[in-house]
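Notes follow once the structure below has been shown.
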Amino acid sequence: MDTTTNLRPFPAINFSNERIALQEGKAQWTYARLRERIEQCASGLLGKQSDLQEERVAFFMPACVDYVTTLLGIWRAGGIAVPLNVAAALPEIEHVLSTAKVTRLVVSISSPAESLPGLCALCRGLNIQVLNVSDMLGGKIQVLPELNIERRAMMLFTSGTTNKPKGVVSTHKNIRAQITTLLEAWNWTAEDSIPLFLPLHHIHGIINVLCCALWTGARVTLFQRFDMDTILHGVDERDYSVFMAVPTIYVKLVSHLEALPESRRTRLCDGFRAMRLNISGSAACPAKLFNQWKALTGQSLLERYGMTEIGMAISNPYFGERRAGAVGLPLPGVQVALFDDEGRMIEGDDKPGEIRVKGDNVFQEYWDNPQATQESFVDGWFCTGDVAVRETGYYRIMGRSSVDIIKSGGYKLSALEIESTLLTHEKIAECAVVGIEDETWGEAVTAFVVLKPGQSLEYAQLKAWCEPRMSPYKIPKVLRVMEALPRNAMGKVLKPALKNL
Ligand code: MCA
Ligand code: AMP
């Protein structure tokens, strides 16, 4: 196998030339034009250097052609791409930039650094140069480096059971494995066309949608966010063959479609019916939702399971039974096993255990955190912290080993991170954050707080206070003011008890 990478592993980018790679509004970019942009961006980033040598280059952009140009430009020039969450609050961006020791931040005309108040000053303080992607386009293309595929390529931040998010570092080899397994399993072809409306600081949007499509020569229609009417317009126009979303989006689609007049509903449901594949992932797809979607559109949602550290690991089959409530079978090239509490591998069906994963898809390390990296592997297996059971070979996720991880609308959140911010509120003495089951969000972030003596706090006040301090999706949906938090004899908060209040 080729052990070097530049863009050659993305065969379509080199060879699809006149095919449309990207569509944004009415504008379109062919693969040839995209390649030129990527090489110009890579050359601009390199300047007089011959290789970025794993420099961490962050970029702050929603889904747009400049985002794609920058991501692939950084890879092409030998840097580590650090995509930022465009909805993040400034303290969260500061954590990413300083942890990753980012040296340059790329912005675009549509998302200048000024769009987030304080970002320019933050970059000055951290000695980070801010550059605009448009300044790098149109320049001369220079000789670009050949890179070994073992080199680091991307750092995504993920919440864990510790306080602040950790940087998950994947190599070019990991990324290649994460893409190619999905191309094979889901039958991607150059004829595919997919809308991309998911955030682009996570695997789901970056690898499963964008990179899979660009690897094969398919077409990606870019949207800055999930806007129901715009997305459904494309469905009505039969623009897409594949649709990928988190369960919350399917919940929203079901209630939207059900509320429409019958003729309009039928047209749109027929639009989904005409696609070759609808996929759900990032959080559990309840059997009820699977059945509702099937009843409306005739599509059996293909549910799959993945994680920032491993890309995708388990998937229902493209051909064959797609089982409601189950995530399916290990993907090609990915080893998956269940382990009991004593660390013994579980053979056979029906015994629950922790999912552990091995394969080229598994990330290299948590950035600058060898201890966390070491603790997350046992005998070469990556320990996911998710508990599953096999039923006639199919995996079904039963839950997580930690109550401190919350999944809301597909985002993984750390209860501890939210608690530590809430504890800086002048009126809050104690707090515990838990995810309470919710039909739309999967889990709704709920804050149980004990106030300091004589204080009162309304939900609206808390929400307004949180806004500059955390991403909107982390802000508690519910505030419960308590006299005291339930604790065990050791003084530890009994979170499961809170979930049942
Ligand atoms: C938006 N809001 C949320 C969330 N999203 N609240 C809780 N959880 C959320 N996920 C809040 C906003 O703050 C706002 O609150 C209100 O909902 C409406 O906001 P809006 O932006 O209009 O909502 P939306 O556009 O309908 O967003 C819902 C969404 C979005 C499209 C489902 O959350 C989303 O894109 N989720 C996908 C995340 C994702 O890609 N995860 C993959 C990571 P207010 O009205 O009070 O201001 S996991 C991964 O990559 C692994 C590898 C995997 O397996 O895939
Ligand atoms: P993230 O770290 O944001 O990539 O989220 C990964 C986590 O999402 C996994 O560890 C699971 O807990 C959860 N997850 C992803 N896909 C599914 C699924 N199909 N069903 C249940 N949980 C899922």
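Here is how the numbers come out for the structure above:
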{"item": "Qualifying residue in the range 261-269 (condition: in contact with a helix residue (DSSP H, G or I) (Cβ under 9 Å, 6 or more places away or on another chain), within 9 Å of ligand 1 (Cβ to nearest atom) and more than 24 Å from GLY399 (Cα to Cα))", "result": "no"}
{"item": "Whichever residue in the range 76-127 is under 30 Å from GLN142 (Cα atoms) and out of contact with any strand residue (DSSP E or B) (no Cβ under 8 Å at 6 or more places or on another chain) and, among such residues, is surrounded by the fewest Cβ atoms within 10 Å (Cβ to Cβ)", "result": "ASN127"}
{"item": "Scan of the range 81-137 for residues that are in a loop (DSSP other than H, G, I, E, B), away from ligand 1 (no atom under 16 Å from the Cβ), out of contact with any Leu (no Cβ under 8 Å at 6 or more places or on another chain) and of a type in the set (Gly, Ala, Ser), ordered by number", "result": "ALA100, SER110"}
{"item": "Residues satisfying the stated conditions in the range 377-412, i.e. among the small types (Gly, Ala, Ser) and more than 12 Å from ligand 2 (Cβ to nearest atom)", "result": "GLY380, GLY393"}
{"item": "Subset of the range 437-452 [within 12 Å of ligand 1 (Cβ to nearest atom) and on the phi < 0 side of the Ramachandran plot]", "result": "ASP438, THR440, TRP441, GLU443, ALA444, VAL445, THR446"}
{"item": "Qualifying positions in the range 341-386 - among the aliphatic types (A, V, I, L, M) and away from ligand 1 (no atom under 16 Å from the Cβ)", "result": "MET345, ILE346, ALA372, VAL378"}
{"item": "Test: ILE314 is under 20 Å from LEU196 (Cα atoms), β-branched (Val, Ile, Thr), within 12 Å of ligand 2 (Cβ to nearest atom) and not in a loop (DSSP other than H, G, I, E, B)", "result": "no"}
{"item": "Residues of the range 213-255 that turn out to be within 16 Å of ligand 2 (Cβ to nearest atom) and not aromatic (Phe, Trp, Tyr), as a count", "result": "7"}
{"item": "Enumeration of residues in the range 388-443 that are in a strand (DSSP E or B), surrounded by fewer than 17 Cβ atoms within 10 Å (Cβ to Cβ) and touching a Leu at 6+ places or on another chain (Cβ under 7 Å)", "result": "ALA429"}
{"item": "Counted residues, the range 184-212 - those being away from ligand 2 (no atom under 16 Å from the Cβ) and within 16 Å of MET61 (Cα to Cα)", "result": "2"}
{"item": "Residue selected from the range 283-328 under the condition buried (at least 22 other Cβ atoms within 10 Å of the Cβ) and among the acidic types (Asp, Glu), by the criterion farthest from ligand 1 (Cβ to nearest atom)", "result": "GLU303"}
{"item": "Residue match in the range 424-436 (condition: within 16 Å of ligand 2 (Cβ to nearest atom), of a type in the set (A, V, I, L, M), in contact with a Pro (Cβ under 8 Å, 6 or more places away or on another chain) and within 17 Å of THR162 (Cα to Cα))", "result": "no"}
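Rule-based calculations on the coordinates, nothing more; no lab input. Quantities reported herein were computed from a predicted structural model and do not represent experimental measurements. All Cβ positions, even for glycine, are placed from backbone atoms using ideal geometry, and neighbour counts span all protein chains on display.
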